[in-house]
1. Touching a residue at least 60 places away in the same chain (Cβ under 8 Å) and over 20 Å from THR293 (Cβ atoms): does that describe ILE164?
2. Exactly one condition in (1) at pLDDT below 95; (2) in contact with a strand residue (DSSP E or B) (Cβ under 7 Å, 6 or more places away or on another chain) is not met by ALA382; state its number.
3. Please give the helices (runs of 4 or more DSSP H) falling wholly within segment 60-135 in which 2 or more residues are hydrophobic (A, V, I, L, M, F, W, C) and at pLDDT below 90.
4. I need the strands (runs of 3 or more DSSP E) fully contained in segment 406-445, keeping only those with at least 3 residues that are under 43 Å from the mean Cα position of the chain (by Cα) and under 23 Å from LYS391 (Cβ atoms).
5. Across segment 296-308, which residue is farthest from ARG183 (Cα to Cα) among those that are modelled with pLDDT of 95 or more and out of contact with any Leu (no Cβ under 7 Å at 6 or more places or on another chain)?
6. Read through the list (1) at pLDDT 95 or above; (2) farther than 22 Å from ILE185 by Cα; (3) crowded, with 19+ Cβ neighbours inside 10 Å; (4) of a type in the set (Ser, Thr, Tyr), then give the number of the only condition that TYR260 fails.
7. Pull up segment 4-44, narrow it to residues that are over 15 Å from ARG348 (Cα atoms) and acidic (Asp, Glu), then point me to the one that is surrounded by the most Cβ atoms within 10 Å (Cβ to Cβ).
8. Identify, please: which residue in segment 92-131 is free of Cβ contacts under 8 Å to residues at least 40 places away in the same chain and in contact with a helix residue (DSSP H, G or I) (Cβ under 7 Å, 6 or more places away or on another chain) and is, among those, surrounded by the fewest Cβ atoms within 10 Å (Cβ to Cβ)?
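The values are calculated or read from the model by the stated rules, or taken from the named source; none is laboratory data. Quantities reported herein were computed from a predicted structural model and do not represent experimental measurements. Here the Cβ positions follow ideal geometry from the backbone for every residue, glycine too, while neighbour counts run over all protein chains shown. Side chains are part of the model used for accessible areas, which takes the heavy atoms of the whole protein and leaves out ligands, DNA and RNA. Shrake-Rupley method; radii C 1.70, N 1.55, O 1.52, S 1.80 Å.
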Amino acid sequence: MKPTLPKGTRDFSSQQVIKREYIFSIIKRVFKQYGYAPIETPAMEALQTLMGKYGEEGDKLLFKVLNNGDFLKKADQQAIQDGNSDKAAPSLSKRGLRYDLTVPFARYVVMHQNDLQFPFKRYQIQPVWRADRPQKGRYQEFYQCDADVIGSGALIYEAEFLQIFDQVFEQLNLSVNVRYNHRQILLGVAEYAGIADQFVDMTVCLDKRDKIGDQGVLQELSYRGISDAAAQKVIDVVSMEDAAAFAELIKTTEAGSKGYEEIERIHQFLNEYQPTNTFTLDPTLARGLSYYTGCIFEVESLETQMGSIAAGGRYADLTSLFGMPNMSGVGISFGAERIFDVMETLERFPESLSTTLDAIILPMDDTALVHGFSLASALRKAGKHVDVYPKPAKMQKQMKYANARQIPHVIIIGTEEVASGMYTLKNMLTGEQQKTSAADLHSSI
C-alpha cells in the first residue's frame, strides 16, 4: 500500500514542531501575563453542540463522525434511499470534530459553571478541523490558540485583546494590521439599507468581499432574496472612503450609534497605549460567524499575502444555547498554521531553533562509548541537552551526522581522552577546537 495523507493535513518534522512550539510559547506567555488559565476539551463534540453555531457556511464545513458499530442499522433508510444526505446525516452521526474552540468553550462553561469564578479567563491551544478546500494558508486540520473571557460585558477586555494582539506579534517579530469593527455598526448599515431582518445574510456576504469583490457581493445578496436597490445601498455605504462621513451617516441609526459609542469607550482605555503594530477601525469588517454581536477583530500581515492570521470578537449570549443565559463573552484566536507559514516565508524564526541539542559525544572506540555515556549522564543532570553517537565509527561519518542535525558542539572521546579526562571540544559553527575538562564542559556548551 502506498502511504498517503488525507487532503488538507500535514506531517511536521522535528524542526517544524520546534518552530511551532516557539510560536505557542510566546502566545502562552502573553496570555498568562493577562491572567488567562489553560483548559482543554475533547476533539469530538456532540453534533448538536456544533450544528447551527457557525452560520450556514460553517455548518457545511463540519466533519461528522459515523456512529459506532453497524451505523446503518439505525439509519433513516428512507432518506438514504431518497438520496437526501441532509436528512440522513442525523441518524448516521451523533458526533463531530470541533470546528473551533469557542463553541466547545461555551459548552464547557455551562457544564462546569459551579466550579468557575466569573469573569472566567481561559486560554486553549488545540487542533480543530474544517472540511474546507485546501489551499495556501488553509488546511483541514490546524491549531488554534484561543483566549476568552466570559461573564462580563466590560469593554476593558476588548482593549486588552487589542494589546495582546500587538504584543504577541511584536514578540514574534511580525508587522501586522489589527482591524476591528463592531457588529452594531454593521447592523446600522443593514438598518440604513432597510434590511435589518436580513442582517446575518448581509454579514455573510460582506465577509466574502475581499475574495469576490463588490459585484460578487451584489450577486450573493440577490441570491439571498435581498432587493437590488437595498444591495446597492449596502455596497455604496461600505464603499465610502470618508470615515467621518460614514460614521455620521451610520450614527443616525439606533444600532450604529450604539456601536460607535462602544468603540469610543474602547479607545478611552487605549488612549495612553502606544502600539508597535497598526490598529485600524474598519467599518466594513464583517466576520461571517453568526454568534458575534459586538466588537470584532481580524489581523493581517503587512509583509506577505496570507489572509487573516488572527481574529475574534464579542458574543453576547453564546452560553444560552446550552441553557445558561446572560453570560456575555469575548475572545480571540491566533491561526498558528498561517503564522507559521508567514514566519517561514519571512525567515523570522531565530537561528537558535535549528537544534534542540547543546552537544553530541563522538566515541572513537567501545571504551570511549561507555565513558561517553557516563559523561552524557552527568551533563544531562546539569541541565544540558546532550546526545551520544550510538557506536564507534569513522570520524568523518560522525561529523557528517552532527552537521546534518546542526548540533553546535561535538565532544570527541578516544583512548587519550578517557585516560586524561580532557576532552576535545569542537565548536561546529566557528571550527574552533580545544581541550576541556569535564567540569569546564558545563560552561563551554
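1. Details: touching a residue at least 60 places away in the same chain (Cβ under 8 Å): yes; over 20 Å from THR293 (Cβ atoms): yes.
Here the answer is yes, as ILE164 does meet what is asked.
2. Result: ALA382 fails condition (2) only.
3. Details: elements: 77-82, 85-92, 102-111.
Because the criterion is at least 2 residues that are hydrophobic (A, V, I, L, M, F, W, C) and at pLDDT below 90, the helices (runs of 4 or more DSSP H) in segment 60-135 that meet it are 77-82, 85-92.
4. On the way: elements: 409-413, 422-427, 433-437.
By residue number, 409-413.
5. In the first step, residues of segment 296-308 are kept if they are modelled with pLDDT of 95 or more; the result is 296-303.
Next, only the ones that are out of contact with any Leu (no Cβ under 7 Å at 6 or more places or on another chain) stay: 297, 299-300, 302.
Details: PHE297: 11, VAL299: 17, GLU300: 19, LEU302: 25 Å.
Among residues in segment 296-308 that are modelled with pLDDT of 95 or more and out of contact with any Leu (no Cβ under 7 Å at 6 or more places or on another chain), the one farthest from ARG183 (Cα to Cα) is LEU302.
6. Looking at each condition in turn, TYR260 falls short on (2).
7. GLU40
8. LEU116
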